[in-house]
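Take a look at the structure set out below.
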Amino acid sequence: MTATLLEVNDLQKTFTVRRGFPRTETVHVKALSGISFRIAEGEAFGLVGESGCGKSTAGRALLRLIEPDGGQVLYRGENFLTAPGHRLRQLRQKLQIVFQDPFASLNPRRTVGQTLAEPMYVHRLGNREEIQARVESVLDEVGLPRAAVEKYPHEFSGGQRQRIGIARALVLEPELIVADEPVSALDVSIQAQILLLLDGLKVRRGLSFLFISHDLGVVRHFCKRVAVMYLGRIVEEGPTEEIFDGPLHPYTQALRDASPVPDPRAKVTMARLEGEVASAINPPSGCHFHPRCPHAMDRCRVEYPKLRAVAPGRQVACHLHDMAA
Amino acid sequence: MSEQAPVLDVQGLTTEFRVHGEWHAAVRGVSFQLARGETLAIVGESGCGKSITALSVMRLVPQGAGRIASGRVLLEGRDLVPLSEPEMEKVRGNRVSMIFQEPMTSLNPVLTVGFQVAESLHYHRGLGRAEARRTALALFDQVKIPSAARRFDDYPHQFSGGMRQRVMIAMALACNPAVLLADEPTTALDVTIQAQVLALLAEVREAYGMAMVFITHNLGVVASIADRVMVMYAGEVVETAPIDAVFARPTHPYTEALLRSIPRVDRNTTELQAIGGQVPAISNMPAGCRFADRCALVEPRCRVQSPPLTMLPDDPRHHVRCWVRGGETSVEALQ
């Protein structure tokens, strides 16, 4: 077992939203109700779930791009959430993020060279020549021509922009990258190019990833372990292959069955899940999944099941598996 | 497939767009037939012309910027291309309807959803207000919008993405169309909702006996809904075949590469293969095969002359546009 690089304990975030017109009301959206996970050195850990399950909030809250309300984020044992300003800045070098939308996450008025050099100026990493050299070597690494330095984001295609986004994350030599749906906005052939690039980084640099995605196929390809989220909580966690080949939580099972597979013989398994994801403003009592769950029992309506270990490395939050344990 | 006349017969469709004052073909020489009750999936990546094909059938190509340069679109034997706009309005939403990817932008935000569904019943079938409302409510039930009566007078923003798409489907079904064009209808939806909408589409297709053109970039979705597949690349059809043949024996190098580039949830992808390079720009199409620059099997002749769509010798329903992998008999020559 390799050393733990990042440990997230009971991370919480509630958004307060004022909405409505003419009479406004204040509502609380519980985006993260205490999630915990660990990422080992060099490991790619996946976070999957549908829109609004809190997976992106988790990625942002642990980097303090959104200030979390509670919990701990330990980076090599040091609490990232309580680190003082100057220390936080040092730690931020080690934790970088790649965003989903390569069109929205690059400043259109800066050249690629400026975008890539800025983090190094901010962190005072070397003089002009050293920074220039670093920018060029990172461009090589992500497969972009060096001439890209002089160009603006609009001159690039979606796949190339995502390479720029990855390059920006790499210039600070991070140890962990939070990749928030990095390939979701791309066409399949381009998606594969970016996945191969990330694969290469994982191997060559020994980078760790928190890989956030709604696409189970992509997660299966990229991540060794995965956690499935539903309405702000982790409902199942374990090795990716085991989870997708033998899902225990009914939600994981539904997600797995609903994920289309490019094989006409597989269509019969397309089971349907009734209803839609409930609102995080007023989540259902007990297990949040019970209104859609085909196996819901009385107990599920009142008591939220604890996430507990059912096999080595596997955890599930479901009353069905309480009894078995 | 039945022997009767196809409900939709597109012949040699070429749609052009004006780029810097010059007309360039976004869709070139696309032909396909759709039998009654059949689902044809059009697959391809951004910019391959799949949406433009559907918009051309609906005659919704933006005027001024784009035009149908040649070809015929026969809907139940009647050519839609020469129709005037008022004539076309009688066909659209009536005999052929379309649903779009983003239901929020294709519904009118200031009209209630019920009104929008009833509108086409009033317009095309001449139903009175009360009757149109009754019929629209029945449609709401059919597309399984929960507590339809209560939600009938809601506005689109009060609906979730999946529910909006159901409203779109109800609108499209209102006049019992012969052909439904669905342009990436589930792309913006979560997978569990996508599965619901796909199941609903399959169900209403069965119930109404209509033919469907399903446009998507997702080969997984294709596998679960289509009878036949047409793969497009850079504005041209590169392969068409019955569903099983495409997945069992993808023949065009592009189709094959596309299938290899998808990471699968049901098994470990040992080797993920990316397709290098990019789709050529519309204003800068190569002289020969449009896939040549990204193709692993490229030969000198591929760069000289554009290959015809040919029939595979052992399967007359499997057509491929490739010098290397294609057959001897040109499909165009037969028509």
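The values are calculated or read from the model by the stated rules, or taken from the named source; none is laboratory data. Here the structure is a predicted model, which means the values were calculated and not measured. Cβ coordinates were reconstructed from backbone atoms using ideal geometry, including for glycine residues, and neighbour counts include every protein chain displayed. Please note that ligands, DNA and RNA were not included when accessible areas were found on the heavy atoms of the full protein model with its side chains. Shrake-Rupley method; radii C 1.70, N 1.55, O 1.52, S 1.80 Å.
Odds and ends about this structure:
- A helix-only calculation puts the protein assembly as shown at -9500 deg cm²/dmol for mean residue ellipticity at 222 nm, using -39500 (n - 2.57) for each DSSP H run of at least four residues, averaged over all residues.
- Tail weight of P(r) past 19 Å, computed on alpha-carbon pairs of segment B:1-71, percent: 37 percent
- Sites A:His86 and A:Met297, calculated FRET efficiency, Cβ-Cβ separation with R0 51 Å, nearest 0.05: 0.45
- Principal-axis analysis of the Cα atoms of chain B puts helix B:113-125 at an angle of about 80° to the longest axis.
- Local charge for B:Trp23 was computed over the other residues whose Cβ lies under 10 Å away, with Lys and Arg +1 and Asp and Glu -1, and equals 0.
- Listing of segment B:166-196 residues, each with accessible area lower by at least 40 Å² in the full protein assembly than in the chain alone (probe 1.4 Å): B:Asp190, B:Val191, B:Thr192, B:Ala195, B:Gln196
- Contact order normalised by residue count of segment B:1-101, Cα under 8 Å, 6+ apart, percent: 32 percent
- Under 5 Å from the amide H of B:Val19 lie the amide H atoms of B:His24, each residue being 5 or more positions distant or on a separate chain, with H modelled from the backbone and absent for Pro and chain starts.
- Taking the inverse of the mean reciprocal distance over all distinct Cα pairs, the Kirkwood hydrodynamic radius of the protein assembly as shown comes to 26.9 Å.
- Whole-percent carbon and sulfur share, accessible surface of the protein assembly as shown, 1.4 Å: 50 percent
- Per residue, in Å², the accessible surface of segment A:4-324 once ligands and nucleic acids are set aside, probe 1.4 Å: 43 Å²
- Between the Cα long axis of helix B:161-173 and the first principal axis of chain B there is an angle of about 90°, rounded to the nearest 10.
- Per residue, chain B exposes an accessible area of 41 Å² to a 1.4 Å probe, with every protein chain left in place.
- Volume in Å³ per residue [convex hull over Cα atoms, computed for segment A:4-324]: 163 Å³
- Relative contact order %, chain B, counting alpha carbon pairs below 8 Å whose residues are six or more apart: 18 percent
- Sparsely packed loop sites in segment B:248-310 (the trypsin sites (Lys or Arg not before Pro) outside DSSP H, G, I, E and B with at most 16 other Cβ atoms within 10 Å) comprise B:Arg267.
- In segment A:27-120, the GluC sites (Glu not before Pro) that fall in loop regions by DSSP, at most 16 other Cβ within 10 Å: A:Glu41
- Heavy-atom accessible area, probed at 1.4 angstrom with all protein chains present, ranks B:Thr187, B:Thr310 as B:Thr187, B:Thr310, highest first.
- Within chain B, DSSP assigns beta bridges of which about 60% are antiparallel (rounded to the nearest 5).
- Computed over chain A: relative contact order in percent, which uses C-alpha pairs under 8 Å that are six or more apart: 20 percent
- Most to least packed among B:18-30, B:234-246 [average Cβ atoms within 10 Å]: B:234-246, B:18-30
- Kirkwood hydrodynamic radius of chain B, Cα pairs, Å: 21.0 Å
- Comparing mean-square fluctuations of B:Val304, B:Val61, B:Val73 from a GNM of chain B with C-alpha springs under 10 Å, the top value falls on B:Val304.
- Karplus-based coupling profile of segment B:288-305, in residue order and whole Hz: x, 5, 6, 9, 3, 5, 10, 8, 7, 9, 4, 10, x, 5, 4, 8, 8, 10, with θ = phi - 60° in 6.51 cos²θ - 1.76 cosθ + 1.60 and x standing for Gly or Pro.
- Spatial offset of segment A:290-325 relative to segment B:218-258 amounts to 41 Å, using the alpha carbon center of each.
- Only protein heavy atoms count here, probed at 1.4 Å, and on that basis chains A and B bury about 3600 Å² of accessible area in total.
- Spatially near lysine pairs across segment A:4-324, Cα under 30 Å, sequence gap of 8 or more or different chains: 22
- Cα extents for segment B:220-330 along the principal axes, largest to smallest and rounded to whole angstrom: 41, 32, 23.
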